[in-house]
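Worksheet: the structure to be examined is printed underneath.
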Amino acid sequence: MDNIPEHIVWEILSRIKKTGDRNAVSLACKRLYYLDNAQRHCIRVGCGMDPADEALTCLCIRFQNLSRVEITYSGWMSKLGKQLDDKGLLILSNDCPLLSDLSLSYCTFITDVGLRYLASSSNLSSLRLNFTPRITGCGILSLVVGCKNLSRLHLIRCLNVSSVEWLEYLGKLGTLEDLSIKNCRAIGEGDLIKLGHGWHKLRRLQFEVDANYRYMKVYDRLSVDRWQKQHVPCENILELSLVNCIISPGRGLACVLRKCKNLEKIHLDMCVGVMDFDIICLSQRSSNLQSVSFRVPSDFSLPSLVNNPLRLTDESLKALAQNCSKLESVRISFSDGEFPSFSSFTLSGILCLIQRCPVRLLALDHVYSFDDVGMEALCAAEYLESLELVRCQEISDEGLQLVSQFPRLCTLRLGKCLGISDDGLKPLVGSLKLDLLAIEDCPQISERGVQGAAKSVSFRQDLSWMY
């Protein structure tokens with residue numbers, strides 16, 4: 001080992017990706033130990049640090065080129081030792097000068113004081129907080145004031161973040177490119193307007209409301225009108241994900257949907273109030289759209305939406321088919337319900353997308369309108385490579401047997417489908433057409449029936465969902 005040139009040993013170490021393997025190699029000799037210390041740029045720690053402060057100090061001293069640190073206390077119990085607290089963030093800010101990416105998950109002892117310590121980390125550009133209940137908006141404000149290069153901020157279940165002055169400050173700073181706010185109960189749709197001119201820099205937005213605790217914030221008339229009167233420069237957003245949002249026609253997030261020009265991916269999950277007109281405007285402006293994902297309420301999950309114009313129909317799918325010639329990924333799902341949905345997307349709209357766009361991935365969940373006729377139509381889908389069917393109960397063995405005729409299909413995933421059995425897979429057995437076949441919780445398909453139906457087969461059966 002001593003005779004191997006430095007650059008070759010460096011290259012060998014750089015190709016070892018698993019943390020356990022790197023730890024084992026670093027124990028082989030002092031040379032590898034010191035090279036690993038210099039090369040290690042990221043660590044993931046948590047319950048194993050005890051005492052936490054001393055352990056983190058040792059890690060920062062050993063790995064002096066750390067730029068990405070993930071601290072998670074998922075599954076923590078008091079018998080595992082004390083969690084990292086504010087003093088730990090002080091250690092990071094002092095002993096980890098290259099820190100640019102920090103993720104804190106289930107760190108219940110960290111408060112606003114710790115974020116103030118972290119504000120001195122001038123290189124910090126990415127921060128992810130997942131269930132840090134003692135942190136408030138004041139702590140986040142103190143951090144963003146100090147960290148001028150912050151471009152990515154993810155807040156997940158930060159239950160005490162109510163004030164949003166930090167969002168207004170980030171808008172003026174103009175550095176934020178990736179913003180994710182999920183299940184932060186006191187942050188509502190109306191607060192996003194405070195990002196102001198920061199919308200122009202934003203490339204990725206994820207906003208999710210806690211479905212079990214929808215905090216209905218009350219705004220004055222001036223705040224509501226700002227969405228309509230103030231220019232929201234959201235033309236440069238590439239990815240947009242909205243979950244459990246109530247979208248008011250003509251204002252709020254509806255303004256964002258209608259103004260995106262460069263959108264490539266959109267995910268709308270149980271968003272009440274989205275209209276066909278919103279998606280039509282989006283399709284006309286965002287011709288580069290490559291991926292769409294819609295999860296909409298079933299007819300009986302929200303009965304008030306039946307025959308209501310505030311829901312998506314085939315008109316949205318037809319507009320996407322007409323205007324988005326680069327669309328490659330389509331996911332359509334209806335919410336769980338005892339009864340199927342027939343008043344929203346139908347087979348006609350789905351097939352229009354398949355026929356006019358180069359769709360490579362099609363995923364359907366709880367779509368009762370998709371049946372054997374739809375499977376027959378997919379025989380002409382020249383671009384389709386991956387098909388996922390979950391709870392599509394109108395598909396029978398006759399429809400499934402047509403898979404062998406799909407021109408380019410190489411991946412097939414089936415889940416919770418009641419109408420298909422081993423007979424539907426027989427044409428695939430021994431054909432080696434599929435690279436991957438994944439079967440989950442289909443009661444009439446056996447493990448024996450999937451053998452030889454693809455180069456790689458995954459089988460799992462848990463029928464508890466039926467009872």
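The values are calculated or read from the model by the stated rules, or taken from the named source; none is laboratory data. Quick caveat, the model's predicted, so the values are computed rather than measured. Please note: Cβ atoms are built from the backbone with ideal geometry, for glycine as well, and neighbour counts cover all protein chains shown. To get the accessible areas, we keep the full protein, side chains included, count just its heavy atoms, and leave off ligands, DNA and RNA. Shrake-Rupley method; radii C 1.70, N 1.55, O 1.52, S 1.80 Å.
Starting from residues that are small (Gly, Ala, Ser) and within 17 Å of Leu179 (Cβ to Cβ), keep the ones in segment 231-252 and report whichever is surrounded by the most Cβ atoms within 10 Å (Cβ to Cβ).
It comes out as Gly252.
So is Leu305 at pLDDT below 95, open to solvent by less than 30 Å² (accessible area, probe 1.4 Å) and either more than 24 Å from Ile246 (Cα to Cα) or not basic (Lys, Arg) (or both) or not?
yes
How many residues are open to solvent by 40 Å² or more (accessible area, probe 1.4 Å) and assigned to a loop (DSSP other than H, G, I, E, B) when one looks only at segment 369-384?
Looking only at that region, the number is 3.
Tell me, please, whether a residue that is in a strand (DSSP E or B), modelled with pLDDT of 95 or more and within 28 Å of the chain's Cα centre (by Cα) can be found in segment 353-361.
Yes, segment 353-361 contains a residue that is in a strand (DSSP E or B), modelled with pLDDT of 95 or more and within 28 Å of the chain's Cα centre (by Cα).
Got a sec? Which of Cys255, Cys260, Cys271, Cys281 is over 21 Å from Leu361 (Cα atoms), under 18 Å from the mean Cα position of the chain (by Cα) and either open to solvent by 50 Å² or more (accessible area, probe 1.4 Å) or not aromatic (Phe, Trp, Tyr) (or both)?
Every option except Cys271 fails the conditions.
How about segment 51-126: which helices (runs of 4 or more DSSP H) wholly inside it have at least 1 residues that are more than 25 Å from Tyr33 (Cα to Cα) and open to solvent by less than 20 Å² (accessible area, probe 1.4 Å)?
86-95, 112-118
Within segment 134-160, which residues are open to solvent by 30 Å² or more (accessible area, probe 1.4 Å), under 24 Å from Gly75 (Cβ atoms), of a type outside the set (D, E, K, R) and at pLDDT 95 or above?
none
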